[in-house]
1. When you go through Asn171, Asn224 one by one, which is the residue that is touching a residue at least 24 places away in the same chain (Cβ under 8 Å) and assigned by the TED database to the domain that holds Ser136?
2. If a residue has to be over 24 Å from the mean Cα position of the chain (by Cα), in contact (Cβ under 8 Å) with a residue 40 or more places away in the chain and surrounded by 16 or more Cβ atoms within 10 Å (Cβ to Cβ) to count, how many in segment 179-206 make the cut?
3. Can you find, within segment 83-119, the residue that is most open to solvent (accessible area, probe 1.4 Å) among those that are closer than 20 Å to Thr15 by Cβ and over 18 Å from the mean Cα position of the chain (by Cα)?
4. Look at segment 140-178 and say how many of its residues are open to solvent by less than 30 Å² (accessible area, probe 1.4 Å) and in a loop (DSSP other than H, G, I, E, B).
5. Name the residues in segment 1-42 that are within 17 Å of Gln61 (Cα to Cα) and open to solvent by 50 Å² or more (accessible area, probe 1.4 Å), would you?
6. Take the residues in segment 207-226 that are loosely packed, with under 14 Cβ neighbours inside 10 Å and under 20 Å from the mean Cα position of the chain (by Cα), then tell me which one is farthest from Lys239 (Cα to Cα).
7. Inside segment 64-80, can you point out the residues that are under 30 Å from Pro180 (Cα atoms) and crowded, with 16+ Cβ neighbours inside 10 Å?
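The values are calculated or read from the model by the stated rules, or taken from the named source; none is laboratory data. What you see is a predicted model, and the numbers here were worked out from it, not measured in a lab. Please note: Cβ atoms are built from the backbone with ideal geometry, for glycine as well, and neighbour counts cover all protein chains shown. Surface areas here come from the heavy atoms of the whole protein model, side chains and all, with no ligands, DNA or RNA. Shrake-Rupley method; radii C 1.70, N 1.55, O 1.52, S 1.80 Å.
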Amino acid sequence: MKPTALLGKLYLIPTTLGEMNPEDVLPHTIKRTINFIDHYIVENEKTARRFIKSVHPEKKQPDLKLFALNKHTDVSKHNEFIKPLLEGKNMGLMSEAGCPGVADPGAVIVKLAHDKGIQVVPLVGPSSILLAMMASGMNGQSFAFNGYLPIDKSDKKTALKNLEKLSFDKNQSQLFIETPYRNNKFLEDLLQILQPNTLLCVACDITLPTEFIKTQSVNQWKKNKADLHNRPCIFIIHKPF
């Protein structure tokens, strides 16, 4: 293993949570970091280039070398992606939205960097999970992010009932997400499966002009639903206080 001084650093670069002015949610540190990095591991090259241009318009796009990491990427490519780091070049890791490595495929690269003795540098930026938790009024001392729930209706019902019980038994907030175009159907499922007094927070379009965050009981949601179609959402459930 090379001495750390001869290796590049892996910078975890947060992005915006949607189409907006980066200066509204990102510190100047992001622009300074992008200024000296030309090699990036990203989920989508097109949107990553657009983001870099929005943060640092002076950055020369032809100088950028981007590696695409997503669910279609073969595991054998991971070591190839980090070669610049092993050659002493700094690299940036970017999620499609928000913080890399959190609910994001970039976590495998972060783990690989640690295995190779490469320094990992996390930078400050918006996390939809933490922002939703902050605004929910639920238990920020104990919570769990569960990602996507099963698509199968029976499996989904079982998963939700288990998470609801866990919240009740351990006083622990349970967070999960759904594919945006399924949000309205998912909300209907929640209202049918969960107990009427269970608290449900819906946080969508976080940090955007159309931001909507509301916590109320399942019974209250049934009387006053929201249109969540194609809007990135975090759902949180918690036992009633």
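1. That would be Asn171, the only listed residue that is touching a residue at least 24 places away in the same chain (Cβ under 8 Å) and assigned by the TED database to the domain that holds Ser136.
2. 2
3. Looking at residues that are closer than 20 Å to Thr15 by Cβ and over 18 Å from the mean Cα position of the chain (by Cα), I get Asn90.
4. Number satisfying all stated conditions: 2.
5. The answer is Lys31, Arg32, Asn35, Phe36, Asp38.
6. The qualifying residue farthest from Lys239 (Cα to Cα) is Pro209.
7. Of everything in segment 64-80, those that are under 30 Å from Pro180 (Cα atoms) and crowded, with 16+ Cβ neighbours inside 10 Å turn out to be Leu66, Phe67, Ala68, Leu69, Thr73, His78.
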